[in-house]
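A short worksheet on the structure shown next.
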Amino acid sequence: MKKQSKKAFAAIISAVMALSALPAAPTAVYADSDSTAKADSAETQALKKAISDVKKRINIPKTMDKFDYDTKTSYENTFFRLRWYSEEDNGSYTYTAQEIIVEYYNGFISSYRYNDHTDNSSSKRGFAKLSSEEQFKFAENHIYVLNPDLKGDLVLSRNTSDISLSGKTVSYSISRTANNIPVAEGNHGSITIDRNTGKLISFSLKWWNDAKFPSSKKILSVEEVSEIYASRKGLYAYYDLFTKYWYDEETDQYMSEDYILPVYAPEYSGENEIDAITGKYTSLYDDKKKYSYTDAYTWGNYYDYDAEYEEEILEEGAVDDEAYFNEAELAALEKENNYISAEKALKIIKDNKYIVYNDELIFKSKNLRTYTDTKGEQKEALTFSYRFTSSDKTKDSIYLDVTMDALTGEIISFSKTYDYGDKSKNRNTTKVQTSKAKKTAGEAAKYFIGKKADEYKVTVTSDSGFYTDKKYTATTQYFTYTRYVNDLEAPFDKMHITVDSKGEVLEFSYDYHDMEFPEPKLVGEKKAYEMLFENMKPELYYTGFTDLQLKSHTYLTYEFDSNYYINALTGERITYSGEPYYINYEPEAEKTIAYSDIKGHKYEKEIQTLLDYGVYMTDSDKLNPDEAVTVGEFVELCDRAYGIYLSSIYPEKSVYDEKEKKYIYTPHPLMETELTNAELAKIFVHYYTSYEDAAVLKDIYKSPYSDVKESHEYVGYIAIAKAKGLIADDGKFSPEKTITKADCLKIAYDYLSQDNDKKLYEIYKI
């Protein structure tokens, strides 16, 4: 007999494992040969090849005797969605029992899904029957069984936790590297298998099988590419507004405060990706346009879903004949009495130099809202709305909204709109003069906000008007002002003023923060970039796209963060909240629990297996396996191992501390005591019955055991537990007998190892 190497033998076993995980193959059926039969169309030939290729790699069970398919043609490529399934009749309707759905194109299986609609089994907590290494090997082999010609360096990473006690499956993400550099675009997927059998459940993959990746031997260094980036992308200095949050222990409230800080930010967005070989900005996006980019690997939204909405109608409740006012309502009435009245508001509006109040206007509504004044304080504002509308096409509609401080009447903002009728004689047809409108806007700004207007500069100018005979006439000019302090822009403070060609101001609004602006002693652009690059390293990866013929185009790229803030006073990078972006801290090391006193113990294997799955009795270095378990340790073990929560049986005690002004919580006194058979009977009655209230009644229970006195504190629990079959019936109960930590862990191991979902009292019979 010829000897095989261990490596070759392992490969054979792996292939067998992968194939055995797929459904059993049916007996092949071939059509009789008929030379006179009509020749297959090109579409039929393509479908035949798709079915044939898929069935060479995937075994379709005989029971899945139904088949349907869909196709999608994109440019020169046809994508197939093939479905094999079986049906069952439950007496009233037929439904899909099991199905395998495969997406295929050009010799490549891009998606596989197995659905068993008859599987109603619960996902019992327990150990996986396959080791992590075996599961990984199954997943890896499935990928190459589905696509045996897959090229390139595939990376398989486990998504599902290795120590999970629940769930039927494990999943992995699929990614790709080239020259030990990650491929960031177009080459990724996922695979899910049964964690006990290795059976393939689902798979999806996008992959460039023809890809050729640029060599990484002559790439620019991080320092070189950072210098190129800084030389091309300037930093812009301006003031920005931030908010600081903190907790005030004296008032027991969360507090906030706005503050202003000069910052640096990139002058413009985009162009953060630099070719790692040439140092030029990547040509990826220009090439995508050149090749009419399409992402051919995506099947797309195959199913359409129309959401249905139901309108819920709420009926108003009946109103009492005699109205009364509660305290809150009375307070609101008193507050309302101090607000600007509609009559006084109208006088303020008519007296205003720049608000034109038309006599046709009629009062429509008044709305109360809060606003933040220039000092950052919350105040109340009233918006008064006036309207004039008419069905007469010769007349114009007019809309005026004025917002003022509810107590002082100071104008905060206003807007005016004319909606000219079809045959209006008042339509504004005069061309607006920008210089004249700008002068009017400047005068209006000083009228409304005084000397503060000197801090604003016009940064945006636009207009609106009308067309006649293809000739455009601008009749209205819009001005956006931005505030500048110490020659730095403060973009959070804007002012908007609109003026028409008649000289009427149609809009005014502004933001102004009467706050401290730090003197801009800036560190300088060069220093800011030096400090930024100490921490912000560009990411190196391959990227690319596929063209209409599915040909891949690849690029080796350095990419810098697209957005960042720099404190212009210190040069440090900060967050959008103004906090330090880089915080040096040592991440807390994950503690690995290893008991030094279980070697050679009769339950060493069981205890160690539980530790591998994160199930433990204590997180110290020693278990003390033959020591009695406490109630608290048992409660925690039930949570970790069984998913059974017993904390409500032993609630924490809370006492309000007047001095500290908070509740002090202490564990239930029984949590530190040893777990006895009597205490376990109490737990079983609490968790598995509804008789816990009856169990505490005195002098009504006869002891069912010779070694339990009728005066025993837990005689009620013991009697009920025996009656409900929660404890064994062997004549004696041993109420004060304790269970050791090792025995308790052995019980947990047995529970997690068995296939049937037994209850806790069935696992541990008292």
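What Kirkwood hydrodynamic radius, in Å, does the stretch 510-650 give when the mean of 1/r is taken over all pairs of distinct Cα atoms and then inverted? Before the final figure, lay out each step's value.
Details: mean 1/r = 0.0448 Å⁻¹.
Answer for the stretch 510-650: a Kirkwood hydrodynamic radius of 22.3 Å.
Percent of Cα-Cα pairs more than 17 Å apart in the stretch 361-407, please. All intermediate terms of the calculation are to be shown ahead of the outcome.
Working: 503 of 1081 pairs.
Across the stretch 361-407, Cα pairs with separations above 17 Å total 47 percent.
May I ask for log10 I(q)/I(0) of the stretch 355-454 at q = 0.12, 0.25 Å⁻¹, from a Debye sum over the Cα atoms as equal point scatterers with solvent left out?
Values, matching the q order: -0.56, -1.26.
If the limit is 22 Å between Cα atoms, which of Lys48/Lys151; Lys124/Lys602; Lys72/Lys551; Lys653/Lys682 go over it? Intermediate values should be presented prior to the final figure.
Numbers: Lys48/Lys151 25 Å; Lys124/Lys602 27 Å; Lys72/Lys551 18 Å; Lys653/Lys682 20 Å.
The answer is Lys48/Lys151; Lys124/Lys602.
Output the Cα-based Rg and Dmax of the stretch 446-594 in Å, rounding Rg to one decimal and Dmax to a whole number.
Cα only, the stretch 446-594: 25.3, 88 Å (Rg, Dmax).
What list of ³J(HN,Hα) values in whole Hz, one per residue of the stretch 59-69 in order, does the Karplus curve 6.51 cos²θ - 1.76 cosθ + 1.60 (θ = phi - 60°) give from phi, with Gly and Pro shown as x?
For the stretch 59-69, the Karplus-derived couplings read 7, 9, x, 4, 5, 8, 9, 9, 8, 8, 7 Hz, x marking Gly and Pro.
Could you give the alpha-carbon Rg of the stretch 604-763 over 2.2 N^0.38 Å, rounded to two decimals? Each step should come with its number before you reach the end.
Numbers: Rg = 17.4 Å, N = 160, 2.2 N^0.38 = 15.1 Å.
Compactness ratio reported: 1.15.
Please give the FRET efficiency for Lys66 paired with Glu672, using the beta carbon to beta carbon distance and R0 = 56 Å, rounded to the nearest 0.05. Intermediate values should be presented prior to the final figure.
Working: r = 63 Å, r/R0 = 1.12.
FRET efficiency, Lys66 to Glu672: 0.35.
Can you divide the C-alpha Rg of the stretch 200-274 by 2.2 N^0.38 Å and report the result to two decimal places?
On the way: Rg = 23.7 Å, N = 75, 2.2 N^0.38 = 11.3 Å.
Rg over 2.2 N^0.38 Å, computed on Cα atoms: 2.09.
Amide H neighbours of Arg176 under 5 Å, at least 5 residues apart or on other chains, H built in the peptide plane: list them.
When sequence neighbours closer than 5 places are left aside, the close amide H contacts are Val155, Val183.
Working out 0.36 nm times the residue gap between Asp454 and Thr689, then minus their Cα-Cα distance, what length gain in nm do you get to one decimal?
Working: separation 235, 0.36 × 235 = 84.60 nm, distance 7.89 nm.
The span from Asp454 to Thr689 would gain 76.7 nm if fully extended.
Quick check: residue separation of Tyr656 and Glu380 times 0.36 nm, minus the Cα distance between them. What number comes out in nm?
On the way: separation 276, 0.36 × 276 = 99.36 nm, distance 3.88 nm.
Gain in length upon complete extension: 95.5 nm.
Give the calculated FRET efficiency between Lys471 and Asp419 to the nearest 0.05, with a Förster radius of 30 Å applied to their Cβ-Cβ distance. Don't skip to the answer; put the middle values down first.
On the way: r = 22 Å, r/R0 = 0.75.
E between Lys471 and Asp419, to the nearest 0.05, is 0.85.
Net charge near Ala178, counting Lys/Arg +1 and Asp/Glu -1 over other residues with Cβ under 11 Å of its Cβ? Spell out each step's value before the answer.
On the way: positive: Lys151, Arg176, Lys212; negative: Asp153.
Counting the neighbours of Ala178, the net charge comes to +2.
Just subtract the alpha-carbon distance of Tyr254 and Glu334 from 0.36 nm times their residue separation and send over the number in nm, one decimal. Numbers along the way, then the final one.
On the way: separation 80, 0.36 × 80 = 28.80 nm, distance 2.98 nm.
Length gained between Tyr254 and Glu334: 25.8 nm.
Check cross-link reach from Lys425 to the lysines: straight Cα distance under 22 Å, and skip same-chain residues fewer than eight apart.
Lys393, Lys395, Lys416, Lys470, Lys471, Lys502
At a Förster distance of 56 Å, what's the computed FRET efficiency of Asp359 paired with Met536, Cβ-Cβ distance as r, to 0.05?
According to the calculation, E is roughly 0.35.
Semi-axes of the stretch 103-175's equivalent ellipsoid from the Cα gyration tensor, sqrt of 5 times each eigenvalue, largest first, rounded to whole Å? The partial results should precede the final answer.
On the way: eigenvalues 135, 61, 17 Å².
Result for the stretch 103-175: semi-axes of 26, 17, 9 Å.
Cα extents of the stretch 411-511 along the three principal axes, largest first, in whole Å?
Answer, in whole Å and largest first: 50, 28, 21 Å.
Taking the Cα atoms of the stretch 695-766, what is the range of coordinates along each of the three principal axes, in descending order and whole Å?
So the three principal-axis extents are 42, 23, 22 Å.
Within the stretch 220-243, list the residues whose amide N lies under 17 Å from a label point set 7 Å along Cα→Cβ of Asp487.
235-239
For Val708, list long-range residues whose amide hydrogen, built 1.01 Å from N in the peptide plane, is under 5 Å from its own amide hydrogen.
none
Quick note: the coordinates plus some simple rules give every number you see, no bench work behind them. Predicted, not measured: the structure shown is a model, and the values here were computed from it. Quick reminder, even Gly has a Cβ in these numbers, built from the backbone with ideal geometry, and neighbours come from all protein chains shown.
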